[in-house]
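Asker: Before anything else, here's the structure in question.
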Amino acid sequence: MDLILWRHAEAEEGSDTLADLDRSLTPRGTKQAQRMAQWLDRHLPDSTRVLASPARRTEQTVQALGRKFKLRPELAPGCTPAQLLAAAQWPDSKVHVLVVGHQPVLGETIAQLLGMAEGELAVQLSVRKGAVWWLRHRERDGVGQTVLVSVQAPDLV
């Protein structure tokens, strides 16, 4: 299975009067989302299942892709890698799964899947705003492996 993790694009700063879930993309964030969406649309199979956090900024990011998606409350800010992987049905899904979410859970999930030691690199792995990390699960000699297929940043596509 392929798991594609897409961090929401640049969003406005939070404030005392603006709830975290209500933060919108900035004009720059809208452009980042559009660039990554174009790249993703060229590479994702039509059968890809698309899931997003219920935060406004993730919904705006995924809308740039122009595909059907589901908002999943378990992907909200503060979720865990276990919740993200369960929502994506990793590693058993029969279709590619794209998850649009947040830091730090995206970095923590990537670090876990790539076998980085917890407490060592896991906390340090940061996913840039608007960036995509594409991971693939495969079996080799009866052993499950995770392969990093691609990392794309919106300013490089």
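Asker: Does Asp46 satisfy being part of a loop (DSSP other than H, G, I, E, B), modelled with pLDDT of 95 or more and either over 12 Å from the mean Cα position of the chain (by Cα) or charged (D, E, K, R) (or both)?
Answerer: When the stated conditions are applied, Asp46 passes them.
Asker: What's the number of the condition Gly14 fails, among (1) over 19 Å from Thr146 (Cβ atoms); (2) at pLDDT 95 or above?
Answerer: Gly14 satisfies every listed condition except (2).
Asker: Right, another one. So which of Ala33, Ala37, Ala87 ends up being more than 19 Å from Ala131 (Cα to Cα), among the hydrophobic types (A, V, I, L, M, F, W, C), at pLDDT 95 or above and not in a loop (DSSP other than H, G, I, E, B)?
Answerer: Sole residue among the options that is more than 19 Å from Ala131 (Cα to Cα), among the hydrophobic types (A, V, I, L, M, F, W, C), at pLDDT 95 or above and not in a loop (DSSP other than H, G, I, E, B): Ala87.
Asker: Additional query: Residues to consider are Leu25, Leu51; find the one that is of a type outside the set (Phe, Trp, Tyr), surrounded by 15 or more Cβ atoms within 10 Å (Cβ to Cβ) and within 15 Å of the chain's Cα centre (by Cα).
Answerer: Sole residue among the options that is of a type outside the set (Phe, Trp, Tyr), surrounded by 15 or more Cβ atoms within 10 Å (Cβ to Cβ) and within 15 Å of the chain's Cα centre (by Cα): Leu51.
Asker: I want to confirm something. Restricting to the stretch 69-88 and keeping residues that are free of Cβ contacts under 8 Å to residues at least 24 places away in the same chain and touching a strand residue (DSSP E or B) at 6+ places or on another chain (Cβ under 7 Å), which single residue is surrounded by the fewest Cβ atoms within 10 Å (Cβ to Cβ)?
Answerer: Lys70
Asker: Of all residues in the stretch 1-30, how many are in contact (Cβ under 8 Å) with a residue 12 or more places away in the chain and in a loop (DSSP other than H, G, I, E, B)?
Answerer: 8
The values are calculated or read from the model by the stated rules, or taken from the named source; none is laboratory data. As the structure is a prediction and not an experimental result, all values here were calculated from the model. Reconstructed Cβ throughout: ideal geometry from the backbone, glycine too, with neighbour counts over all protein chains shown.
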